Amino acid sequence: MNPIKKIYKEMKNFCIKYPAVLSGLFIYSYLLFCIIHYFIRVKYITIHTSLFIENIIDSFDAFPFMWLLAVALVKVIDIRTKLHESEEQRLIAEREMQLQQTQLKTLHEVTRGIQHHINNPLSIIVLTLGSAHKAAVGNLKIMRQLDTIGEEVNRIIAALSDFAKVNTYTAQSVDSNVGDITSRTTVD
């Protein structure tokens, strides 16, 4: 980076960071110039008492306008800074929202994939349970075990059914140590 750009960047950052100092510098520099100009006029030009007020007004007439200009400069820089900060916060929030939407979409796709991979073996288990029930008609112990397996299979089917009914996922902040937790909303 060449030195001119570096100086320009530092001056710009100074103006944005310290607008009141910058406007004060303008005002007091102009005031100093006006006072020196007034004293030079008093020393080298004879001023009549009738023209005394007129000479003062002539020397310092732009000073109030410089003050208004400095106030306007401070306000413009302040508004610009606030606008920049709000735009930056909006962009950060938008990026976070896009990241969250991507994560939730991925979670939804993973849930669908898990359902698919569980449903295939589960259907084989359900068909085999039917055949096993027919084969174990006389054995009570095996019938109870098959009934327990059937109940657990029904629980898995119900859980998968609940996952299939999920319409949206939302992330909720739990704690800074724990992180976010995902909750689901089901369609009735």
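Things to note:
- Near pairs, Cβ below 8 angstrom, 6+ apart or cross-chain, from segment 112-140 (modelled with pLDDT under 85 and exposed (fewer than 12 other Cβ atoms within 10 Å of the Cβ)) to any residue that is assigned to a helix (DSSP H, G or I) and of a type outside the set (D, E, K, R): Val137/Met143
- Hey, Phe26 under 21 Å from Phe65 (Cα atoms), assigned by TED's automatic domain parsing to the domain that holds Ile79 and over 31 Å from the mean Cα position of the chain (by Cα) or not: yes
- On the stretch given as segment 40-69, residues that are small (Gly, Ala, Ser) and modelled with pLDDT under 70 total 2.
- Subset of segment 130-157 [hydrophobic (A, V, I, L, M, F, W, C) and more than 22 Å from Glu109 (Cβ to Cβ)]: Ala132, Ala135, Ala136, Val137, Leu140, Ile142, Met143, Leu146, Ile149, Val153
The values are calculated or read from the model by the stated rules, or taken from the named source; none is laboratory data. Not measured: the values here are computed from a predicted model. Cβ atoms come from the backbone with ideal geometry, glycine included; neighbour counts cover every protein chain shown.
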